[in-house]
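Student: Quick one: this structure, given as structure tokens, is what I'll be asking you about.
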Amino acid sequence: MDLGIVGKRAAVAAASSGLGLASAVALAEAGARVVICGRDEAKVNAAVATIGHDALGLVADVATAAGGTDFVERAMAQLGGLDILVPNAGGPPGGGFTDTGLDAYLPAIEQNLLSTVAMCLAAVPAMRAQRWGRVVAVTSVSVRQPIPGLILSNTARAGVTGFLKTLALEVAGDGVTVNTVQPGSHDTDRLRSLHGGDASRMAAGIPTGALGRPADFGAVVAFLCSDQARFITGASLPVDGGASRGLQ
């Protein structure tokens, strides 16, 4: 399927592994010119080799607002502008109410909320000026159904979802769409790290009976960046194998 994004300029944050990498691969395979970032130069270089299609890699840490701004500005300089932004960042440490102190919240909010705000502030004005843009943020199904033991992620990602929904309403008339994709349990290093190296037991709680495949998640991100998805904005799409049980 031709997504209509051949030659579009895309920046995918925190894409040296996991769902960010899968999203970058899908965009590159659809013909987009892709720049990714990660904190580890060796991992970034390996990811660029995996992506192929003349992808570019930058060493950048988007766990802070300043890091998010820096990544987008450097990506725009490399590409000569930007059409597609995929805000993404690693999750904060696990923990619940009783074992998470107040001082842990601000770093988590900066990592999973303010960094995305900063990336959008750096990228969206130019998208509005050119009358075409796509923002597809990677959040979490915890926005719909909080995940026990991840109170920091649950809190910060709910905030970024509210921000992105508001942004979507403000820029819809300028040819810019803003959506979030909410992953459930996918077979990634992040999930394995939360479950002692073996996340397979998580599949038992998923109606499909299996963990998600990162490549399938990436394909969803790429579609939301497509020309065909021009009428989808302000959406929060769960990609979780049916794990979230609410009606909305």
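Student: Roughly how tilted is helix 18-29, in degrees to the nearest 10 and between 0 and 90, from the longest Cα axis of the chain?
Tutor: Orientation of helix 18-29: about 30 degrees from the principal axis.
Student: Give me the distance between the Cα centres of segment 63-122 and segment 210-241, rounded to whole Å.
Tutor: When both Cα centres are located, 20 Å separates them.
Student: Give, in nm to one decimal, the length gained when the segment between H53 and D99 is fully stretched (0.36 nm per residue of separation minus the Cα-Cα distance).
Tutor: So the extension gain works out to 12.1 nm.
Student: I've got another one for you. For the chain, with a Gaussian network of springs between Cα atoms less than 10 Å apart, report the residue from G18, G205, G101 with the top mean-square fluctuation.
Tutor: Maximum fluctuation in the GNM of the chain, among the listed residues, is at G101.
Student: Each residue of segment 39-47 in order: what ³J(HN,Hα) in whole Hz does its phi give by Karplus 6.51 cos²θ - 1.76 cosθ + 1.60, θ = phi - 60°, with x for Gly and Pro?
Tutor: Calculated HN-Hα couplings, in order: 8, 9, 4, 5, 5, 4, 5, 5, 5 Hz.
Student: Helix-derived [θ] at 222 nm for the chain: sum -39500 (n - 2.57) over DSSP H runs of at least 4, divide by residue count, nearest 500?
Tutor: So the helix-based figure for the chain works out to -12000 deg cm²/dmol.
Student: Nearest 0.05, what FRET efficiency do Q228 and E170 give at R0 = 25 Å with Cβ-Cβ as r?
Tutor: Calculated transfer efficiency: 0.60.
Student: With labels modelled as points extended 7 Å from the Cα through the Cβ direction, what inter-label distance (nm, one decimal) is found for M1 paired with N45?
Tutor: My value for the distance between the label points is 3.7 nm.
Student: Based on the Cβ-Cβ distance from S244 to Q130, what FRET efficiency comes out when R0 is 30 Å, to the nearest 0.05?
Tutor: About 0.25, to the nearest 0.05.
Student: Relative contact order of segment 84-141: what whole-number percent is it, with Cα pairs under 8 angstrom and at least 6 residues apart?
Tutor: Relative contact order of segment 84-141: 65 percent.
A short reminder: the numbers here are calculations on the coordinates, not readings from a lab. Small disclaimer: the values here were computed from a predicted structure and weren't measured. Neighbour counts are summed over all protein chains in view; Cβ atoms, including those assigned to glycine, are modelled from backbone coordinates with ideal geometry.
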